[in-house]
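None of the figures in this text is laboratory data; all of them are computed from the coordinates on show. On a predicted model such as this, the values are computed, not experimentally measured, just so you know. Heads up, the Cβs are rebuilt from the backbone with ideal geometry, glycines too, and the neighbour counts pull from every protein chain shown.
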Amino acid sequence: MRVVMVSRRMAKFFLRLRQNNEPREVAPTRDSEYLIFDTLEAARIAAMRHARDLLSLGLARGRIDLARRFDIDDDRGCPVASIKFVEAVDLRL
């Protein structure tokens, strides 16, 4: 009987803060620290939470920048999702 070992590797994602119209990062995070999640959905929830945190800081300063987004990349550097700040809140006038 042959035994085959299968390693389950946890998905690894990192967030990059970007301006919507800029190809470069506002604040690079890849080299400093990976954020590790079991699922892409968990990474999306974290991006949404971080977007709301940054928006609340901006509100305290009197300026909200809705032209930002978090790109979610996998551990190979491939983009897998994007969370726009404007999608992180329910805006009503």
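Add +1 for every Lys or Arg and -1 for every Asp or Glu among the other residues with Cβ under 15 Å from the Cβ of residue 57, and state the total.
Taking every Cβ under 15 Å from that of residue 57, the sum is +3.
Counted by neighbouring Cβ atoms within 10 Å, the residues 53, 90 run from fewest to most as 90, 53. Sorted ascending by nearby beta carbons within 10 Å, beginning with the fewest, 82, 56 become 56, 82.
In terms of surrounding Cβ atoms within a 10 Å radius of their Cβ, 93, 15, 54, 59 rank from fewest to most as 93, 59, 54, 15.
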